[in-house]
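Nothing in this text is a laboratory measurement; each read-out follows from the coordinates by a stated rule. Keep in mind that this is a model prediction, so the values were computed, not measured. FYI the Cβ positions are ideal-geometry reconstructions off the backbone, even for glycines, and counts take in every protein chain you see.
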Amino acid sequence: GYPKHFQMQVWNADYRWHWVDAVVREMRDSPFDGVMADNDVENDYYGLDLPIQGVESMTKIREHLDFLVAYAGIELNKIGKILVPNIAESRLRYGKWERHSAYGGGFEEVWLGWGPNDYLSSPYAVMQGREIANGSAGDVNLGATFAGLGGRSAASQKKVTILRTPLSDRKAPITGTDENFLYGLAGFWVFGGGAFTGISATHHDAYDEIPHAPELSYDLGDPVGGIIAQKTAQTRAFTRGWAALNTGSKDVTVTVPSHLVDAANRPVPSSFTLRAHQGVVYRRKA
């Protein structure tokens, strides 16, 4: 199994009731905005060696995690709090991110890859990005609902969408930003269009790391149109910049809009080669 991890009996209705009751009571008068719930799992990552007492398959665990997330999310939203699950491997089940992030948002800890040199294939990377983008749209209604508001609540807020990508320990030129971090950040802009909440990069299970990346301070503005695919490169223009990432395993030559500058304020050429799993974020010349 996985050290210090224990599978709770989410398939047990009594357990789900007690879990939600305890969490709602604790959060009701809390200064925190809500709950971040880890291990909204998709597969058996912890060596359960199913079947075990009470549950015969991961299908049953997934089904009852769906129940728990919906139940907890509804009850937390009623008291004005949000639920943000760690939605593991959401791309493996169509619509999972949208359903499980509906009560406040979601956290993806394998954004575009699992390890320093272990990436999602291009189709899966694009699928992941588009699924999370679809699920991150819209507001979360908090508190009691009122008929006079068309069934909506008196308060609402944007969903929280947090991404974590694996560090590579390879440095990009000019700024020295970790190359995988820059790849993930480019995807943050391309797929999220500026709507995602936050991103970071860490080594495996080293979530106390907060690497520095000057590119995090870039404000690219609003998207100008949608995503443009150039072979396996996904690109997107913004009012104040441009971002691109190559989700494929082979180099791709990309066409670049005019009037862009790199981190050293040098003009970006009209085309260049984007390496496999490389990302770039450029600003418009002031």
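The percentage of C-alpha pairs in the stretch 180-241 whose separation is greater than 13 Å is 65%. Taking each residue as 0.36 nm, the span from ALA276 to ASP139 lengthens on full extension beyond its C-alpha to C-alpha distance by 45.8 nm.
Taking GluC sites (Glu not before Pro) across the stretch 153-261, the ones in a DSSP loop with at most 11 further Cβ atoms lying within 10 angstrom of their Cβ are GLU209. Taking every C-alpha pair closer than 8 Å and separated by at least 6 residues, the mean separation divided by the residue count of the chain gives a relative contact order of 12 percent.
Kirkwood radius, the stretch 38-196, all distinct C-alpha pairs, inverse of mean reciprocal distance: 17.2 Å. Net charge of the neighbourhood of LEU163, taken over other residues with C-beta under 11 Å away and scored Lys/Arg +1, Asp/Glu -1, is -1. Specify the inter-centroid distance of the stretch 32-61 and the stretch 164-207, based on alpha-carbon positions, in whole Å. Cα centres, the stretch 32-61 to the stretch 164-207: 28 Å. Assuming a ≥ b ≥ c are the square roots of the Cα gyration tensor eigenvalues, decide whether the stretch 45-107 counts as rounded (a/c under 1.5), prolate (otherwise, with a/b larger than b/c) or oblate. Here the stretch 45-107 falls in the prolate category. Taking amide H as placed 1.01 Å from N in the peptide plane, the amide H of GLY104 sits under 5 Å from that of LEU83, each at least 5 places away or on another chain.
With the biggest extent put first, the Cα atoms of the chain measure 62, 52, 31 Å across the principal axes. Of THR161, THR175, THR232, which has the largest mean-square fluctuation in a 10 Å C-alpha GNM of the chain? Most flexible of the set in this elastic network: THR175. Taken along its three principal axes, the alpha carbon spread of the stretch 6-82 comes to 40, 22, 17 Å, from the longest extent down to the shortest.
For the stretch 188-286, the alpha carbon convex hull comes to 109 Å³ per residue, rounded to a whole number. Exposure proxy shown here: for LYS96, LYS231, LYS159, the number of other Cβ atoms within 10 Å sets the order, fewest to most, as LYS231, LYS159, LYS96.
For the stretch 106-249, the square roots a ≥ b ≥ c of the C-alpha gyration tensor eigenvalues yield an a/c of 1.5 or more together with a/b exceeding b/c, which makes the shape prolate. Look at LYS81, LYS285 and count the other Cβ atoms within 10 Å of each Cβ; fewest to most, that gives LYS285, LYS81.
ARG28 sits among other residues whose Cβ lies under 12 Å from its own Cβ, and their net charge, with Lys and Arg +1 and Asp and Glu -1, is -1. Taken over the chain, lysine pairs spaced eight or more positions apart, or on distinct chains, with alpha carbons under 17 Å apart number 7. Each distinct pair of alpha carbons in the stretch 220-264 adds a 1/r term; the inverse of their mean, the Kirkwood radius, is 11.3 Å.
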